[in-house]
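The values are calculated or read from the model by the stated rules, or taken from the named source; none is laboratory data. Note that the structure is a prediction, hence the values are computed from the model and not measured. Every residue, glycine among them, receives a Cβ derived from its backbone with ideal geometry; neighbour counts consider all protein chains shown.
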Ligand SMILES: Nc1ncnc2c1ncn2[C@@H]1O[C@H](COP(=O)(O)OP(=O)(O)O)[C@@H](O)[C@H]1O
Ligand SMILES: [Mg+2]
């Protein structure tokens, strides 16, 4: 299974697309966008909270005094605490938070990490077709867990401990504002976390690079004695790090490509010296396993066998993320539209790379992949040249498959015997756009396709930059968790605050998941309907078989419930969006729009949690 | 013009209210349990006025509500009813903290900091510049006499040293009003004397001081006025000399009288139907006063002191 992710552009993610949102269709709600979804819900809370607070104050103090109390707190916050903010006070709190963290032996966490790395070296070093992936996933996972654990413990216990030891009495009786205490803590703990993360990142990087580094031995007698009909001879390197590479030598004894064949996601450069039997080969370091492809994605649409736009066929065992196009003599196809296609950006032609998955309904020729064809199409229906001739390819499974398409395509012969060619950019690109249509040409076989499966790969970005982006995601999570921990610690006792923070993280994950489930609702209905179906042991395709108005009532209350749940999922950040380890591990650049989304989410939620924490701390009875 | 007519009134009222630094109006604190049911009535309808420049003592046995009163005045606790005003503003107002110093019952400081770091931390909370901080820290370390331990972590401090650094912390901003909760508790006689001298010195600098204690001798020779609390009720309030003097007993003590003169005095007393014991106004001991109050409380529950 290739690595799956939705590519969402920043503004597409941010802004609502209201024309696509229908109240009664849960699948369309994802179009509401972050701005209206999260910010809307948070803003609602910003009004709801003071109101609830007011209600509580009314019970205690009566309406007029209750109103005065709430209004004064909010008004005072804006007119006094905000302009009175002092960085020096905040810094003082942050500094003590750091000292406290060090005293509480956060370094133990770091020691655990180093130990983990030492052991990991042993158990990760096994036969595995993609060692880079498992190494990178492991270090990111380990770092993430430890840093989160540390952030939760530090932040959740800080203020409760201060209250328990009563050190907070001497602090809050100084002209410090609740906001400065909250911010100081968040900054202090984040600083500790950042230093830890930085150290862990450096160690991880060295661990990955060293762990994967290996070379092989290639000798003149490693090659077959007999050449094949074209004069090539095949050889293999020594077995190191649980694998060998094939090497092809041409007639004259040179390594044609100067490289080994790819194996376990990497290859080696080969240099040779000397002649004949005295020839020696030097195999270089592994290459191509620590990469960061930065793909240019296109927009995907699908055609059904009749050639009409469709959602594709769902073969049942797959998430709707991926749909299938049927092979054979029909018109079903997946069409990606790429924009900004210019000769300047792609001087050599289209650097296409594919990651299709294959669904075989019968074995077929198992030794080779299922055949498909690519057609480049002009988006302009009135163009002189509508499309390129089909280019056939053999699909490969489980690997990203480079399939560059030359700028000049041979389309036949001129009368004088020279090749008749077309130029992609001159003949097929219209206003920077080109369509790449992919079909499966074997009858009764299917290609599984998703939007990120086919892309252009003009150049890669640096692996270490991508690695750093992976750590940036962890960093953002850590800061967020710290904010939530501090927020809970302003009104809960230490252990309870810690539990609450874990729940917030869990629900954040679950909320994102719930949202995905909601927005992908196909059949089955909401909670009440599902409950009735379970009781009646009915599957989702049969009628509910209850009195009609009752059925309607059930359906509408289900919808209402889903709307509420959907709203609730926005109260907490979707932690799933922060998990970039799969990008880094699979060698895909964490695309800038995703980084942007993460930054936006982190800022919005960190700010919301901090503001909430400020009010909780400001209005709580410290010695109560 | 009306504004001109009103102006003198304001001018007259201002110094009077400006003189009152702390005011409580039937200040009450009821601690409640988790379910909101009343648990302890720690303070009941306290009315107090503390004026600028005086040393005011809160006296009472353990659990009588002294710390509760101080915490209410600092905004660490919220009143169940009534009001606590400091500098004429609500006690929960953060701005007042600029002019206040507070020494808690036990010195609740960060144990992992040393004396200098502690004072530097609190000085930063007053937004002091580095130069001011440095100077102020130096002054205070000299004042409370912990030069020799300035670089040691507070966890290594003895009780007396902890009190001293606690006091230094309370004075970091050169406050106008100082609230000291049991400043002498745990100090040896010399330490107690030093603490009291320091308090008197601060008063001489024009500061207002509110201190609490459960030991009468610790307050009687420093405080100008004291309030005696028992079970959250204000039992006595007034100048120390007034409270502790037993008015219906007179004692004379003289020197250099001849036996004849003594006989003469004895005769005068006898003529008035008295019996000479000792010639002086006795003062009550701590135990006596408290025991009287407790006895009185039980005999006449709800009797309250009048403001004198
Ligand atoms: N946070 C609290 N919760 C419940 N009861 C409290 C709390 N603080 C103080 N009390 C109770 O209030 C009463 C007064 O306490 P306190 O003001 O500390 O007395 P003291 O005069 O010794 O300083 C005591 O009975 C004490 O048990
Ligand atoms: Mg006390």
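Annotations
Okay, residues lined up against (1) within 13 Å of ligand 1 (Cβ to nearest atom); (2) more than 9 Å from chain A (Cβ to nearest Cβ); (3) within 30 Å of residue B:160 (Cβ to Cβ):
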site: B:41; (1), (2), (3): yes, yes, no
site: B:47; (1), (2), (3): no, yes, no
site: B:51; (1), (2), (3): no, yes, no
site: B:55; (1), (2), (3): no, yes, yes
site: B:59; (1), (2), (3): yes, yes, yes
site: B:84; (1), (2), (3): no, yes, no
site: B:88; (1), (2), (3): no, yes, no
site: B:100; (1), (2), (3): no, no, yes
site: B:109; (1), (2), (3): no, no, yes
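- Apart from one condition, residue B:57 fits all of (1) crowded, with 23+ Cβ neighbours inside 10 Å; (2) under 14 Å from the mean Cα position of the chain (by Cα); (3) outside any strand (DSSP E or B); the exception is (3).
- Candidate set from the range B:198-215 (those that are within 16 Å of ligand 2 (Cβ to nearest atom) and buried (at least 23 other Cβ atoms within 10 Å of the Cβ)); member that is farthest from the chain's Cα centre (by Cα): B:213
- Total residues in the range B:118-152 satisfying the condition of being assigned to a helix (DSSP H, G or I) and either more than 24 Å from residue B:76 (Cβ to Cβ) or facing chain A (nearest Cβ under 7 Å) (or both): the figure is 20.
- Considering (1) surrounded by 13 or more Cβ atoms within 10 Å (Cβ to Cβ); (2) modelled with pLDDT under 90; (3) within 12 Å of ligand 1 (Cβ to nearest atom); (4) away from chain A (no Cβ under 12 Å), the lone condition that residue B:105 does not fulfil carries the number (4).
Yes/no per residue for (1) surrounded by 23 or more Cβ atoms within 10 Å (Cβ to Cβ); (2) in a loop (DSSP other than H, G, I, E, B):
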residue	(1), (2)
B:28	no, no
B:36	no, yes
B:61	no, yes
B:73	yes, no
B:78	no, yes
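- Odd one out for residue B:115, checked against (1) at pLDDT 90 or above; (2) away from ligand 1 (no atom under 15 Å from the Cβ); (3) surrounded by fewer than 24 Cβ atoms within 10 Å (Cβ to Cβ): (3)
- Test: residue in the range A:190-204 that is within 11 Å of chain B (Cβ to nearest Cβ) and in a helix (DSSP H, G or I): no
- Contact map, the range A:40-57: residues that are within 30 Å of residue A:15 (Cβ to Cβ) paired with residues that are modelled with pLDDT of 85 or more and not in a helix (DSSP H, G or I), Cβ distance under 7 Å, separation 6+ or inter-chain. No pairs are found.
- Search result, residues across the range A:242-275 that are under 39 Å from the mean Cα position of the chain (by Cα), surrounded by fewer than 19 Cβ atoms within 10 Å (Cβ to Cβ) and outside any strand (DSSP E or B): A:242, A:256, A:257, A:258, A:261, A:262
- Considering only residues in the range A:74-95 that are facing another protein chain (nearest Cβ under 10 Å) and farther than 19 Å from residue A:486 by Cβ, the one that is surrounded by the fewest Cβ atoms within 10 Å (Cβ to Cβ) turns out to be A:80.
- Here residue B:174 fulfils each of the conditions (1) over 20 Å from residue B:53 (Cα atoms); (2) away from ligand 2 (no atom under 16 Å from the Cβ); (3) part of a loop (DSSP other than H, G, I, E, B) apart from (1).
- Verdict on residue B:154 being buried (at least 20 other Cβ atoms within 10 Å of the Cβ), within 16 Å of ligand 1 (Cβ to nearest atom) and either over 15 Å from the mean Cα position of the chain (by Cα) or more than 20 Å from residue B:135 (Cβ to Cβ) (or both): no
- Residue B:37 away from ligand 2 (no atom under 16 Å from the Cβ) and modelled with pLDDT under 90: yes
- Residue count, the range A:155-170 (criterion: buried (at least 20 other Cβ atoms within 10 Å of the Cβ) and either at pLDDT below 90 or more than 7 Å from chain B (Cβ to nearest Cβ) (or both)): 9
- Unmet criterion (only one of (1) within 18 Å of residue A:173 (Cβ to Cβ); (2) at pLDDT below 90) for residue B:172: (2)
- Considering (1) more than 9 Å from chain A (Cβ to nearest Cβ); (2) part of a helix (DSSP H, G or I), the lone condition that residue B:96 does not fulfil carries the number (1).
- Number of residues in the range A:171-187 that are part of a helix (DSSP H, G or I) and within 18 Å of residue A:607 (Cβ to Cβ): the value is 10.
- Residue among A:590, A:564, A:603, A:584 that alone is crowded, with 22+ Cβ neighbours inside 10 Å and not in a loop (DSSP other than H, G, I, E, B): A:584
- From the options B:137, B:172, residue that is under 24 Å from the mean Cα position of the chain (by Cα) and buried (at least 21 other Cβ atoms within 10 Å of the Cβ): B:172
- Failed condition for residue B:180, given (1) closer than 19 Å to residue B:23 by Cα; (2) within 14 Å of chain A (Cβ to nearest Cβ); (3) more than 16 Å from ligand 2 (Cβ to nearest atom): (3)
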